[in-house]
Amino acid sequence: MAKKIAVKKKVRKKKVAKSAPPGSVAAAGEPKPPKPPAMPGEGFGIGGVIMFLITAALLGFVVFIFLPRDLSHVGGYPYSDSKAPNPPKNLLKIAEDQLVKDEGSVSFSEEEVNTYLNQRLNAKQRGAFGSFVKMNGVYLDFKKNEATIFVERKVFGLPFTIASSWDYYLSDGKYVRECKSSSVGRFSFSGAMFRPIMAPFFRIAQACTREQAVLSDEDVTRVKIDEGNLTIEF
């Protein structure tokens, strides 16, 4: 009788999937464990800090440009229709009449010039911004051989002032105007700023071509700018 030979069968153990310990890389195909929420006191990430600094800088810039400029030293400021002479004093006609005589001189105070400018220009804010922007006036501040022109508006009731300072001097027999500095609110720049900011000054110059023609006429021997006063000599 044949003997039966016993054969041992190899038993395979099933592998049990183990979750990856915290901080380790999950195996391919396995879902990543959820990121634990930030605990109180852990602070902000570097991205949050950068965004905060940028926001604070922009807010500071906006606040700084809307800080009111003190123009109380400028003659004729603020302009008021009710206090202006009626009929207006025509400074251009006075200067042109003296130019025809070709002798003597005429002098105008800063207050007279600023009142004349605001009556002459009758500046108003138009276009898309007219509903929330109001024009407060145009003003010249005379210093020795220098004039600063201010354009003051109110945006949502807040004062917004741009300014441009110009040297006015005689060179090779002709008077030259040179932009010395410009500003938005209380931010000042050397020379002229970019065109959108300077555009109001260009429009004022274009509107006052006759006044500029008198100042640059060959029969004018001298244009003298002093503190608070303008004198034209013929």
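General observations
- When the Cα positions of Cys208, Phe189, Gly228 are compared along the charge dipole of the stretch 132-230, Phe189 comes out farthest toward the positive end, with charges on each C-beta of Lys, Arg, Asp and Glu.
- Cα-based reach from Lys93 at 17 Å (exclusive), listing aspartates and glutamates while leaving out same-chain residues under 8 positions away: Asp102, Glu103, Glu112, Glu211, Asp217, Asp219, Glu233
- When Tyr169, Tyr175 are compared by accessible surface with a 1.4 Å probe, the order from highest to lowest is Tyr169, Tyr175.
- Global form of the stretch 134-234, assessed from the alpha-carbon gyration tensor, a/c cut-off 1.5: prolate
- By a 1.4 Å probe calculation restricted to protein chains, Asp219 has an accessible surface near 60 Å², given to the nearest 10.
- Farthest toward the positive end of the dipole of the stretch 87-234, out of Ala147, Val113, Pro159, is the Cα of Pro159, where the dipole comes from beta carbon charges about the Cα centre.
- Solvent-accessible ranking of Met193, Met198, largest area first, probe 1.4 Å: Met193, Met198
The values are calculated or read from the model by the stated rules, or taken from the named source; none is laboratory data. If you're wondering where the values come from, they're calculated on a predicted model, not measured in any experiment. Methodologically, a virtual Cβ is constructed for each residue, glycine included, from the backbone with ideal geometry; neighbour enumeration extends over all protein chains shown. Each accessible area value is taken on the protein alone, full model and side chains, heavy atoms only, with ligands, DNA and RNA left out. Shrake-Rupley method; radii C 1.70, N 1.55, O 1.52, S 1.80 Å.
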